[in-house]
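Read the structure below first, then the notes.
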Amino acid sequence: MRLTLVAGDPDSIPDNSPTLYKTDRGSWVVQGWVVTDPEALSQLNVPEGETVVEIPDRMIPFFK
């Protein structure tokens, strides 16, 4: 899989994370904060081999 950096969070210091990447497979890779809140996780059905991350609303405009 080849990743192309689309954007890092411009308001995050020092690492510009969360970060958004476009793949060469017609998909996206999102680096964000690990969701560990039990109440939030209980509302999801996350299969083995998958995880969920949280990103701020300000990152949405970078999805093009």
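In segment 11-64, of all residues being among the acidic types (Asp, Glu) and part of a loop (DSSP other than H, G, I, E, B), the one that is nearest to Met1 (Cα to Cα) corresponds to Asp24. Apart from one condition, Asp37 fits all of (1) charged (D, E, K, R); (2) under 16 Å from Ile60 (Cβ atoms); (3) free of Cβ contacts under 8 Å to residues at least 12 places away in the same chain; the exception is (2).
Out of curiosity, is Ser17 free of Cβ contacts under 8 Å to residues at least 40 places away in the same chain, of a type outside the set (A, V, I, L, M, F, W, C), out of contact with any Lys or Arg (no Cβ under 6 Å at 6 or more places or on another chain) and surrounded by 11 or more Cβ atoms within 10 Å (Cβ to Cβ)? For Ser17, the condition - free of Cβ contacts under 8 Å to residues at least 40 places away in the same chain, of a type outside the set (A, V, I, L, M, F, W, C), out of contact with any Lys or Arg (no Cβ under 6 Å at 6 or more places or on another chain) and surrounded by 11 or more Cβ atoms within 10 Å (Cβ to Cβ) - is met. Could you check segment 1-14 and list, in sequence order, the residues that are surrounded by 12 or more Cβ atoms within 10 Å (Cβ to Cβ) and more than 16 Å from Asp57 (Cα to Cα)? Matches in segment 1-14: Leu3 only.
Would a scan of segment 22-29 turn up a residue that is surrounded by 10 or more Cβ atoms within 10 Å (Cβ to Cβ) and of a type in the set (Ser, Thr, Tyr)? Checked against the condition, which is being surrounded by 10 or more Cβ atoms within 10 Å (Cβ to Cβ) and of a type in the set (Ser, Thr, Tyr), segment 22-29 yields at least one hit.
Laboratory data are not the source of any read-out in this text; all were calculated from the coordinates shown. The structure presented is a predicted model; accordingly, all values stated were derived computationally and were not measured. Cβ coordinates were reconstructed from backbone atoms using ideal geometry, including for glycine residues, and neighbour counts include every protein chain displayed.
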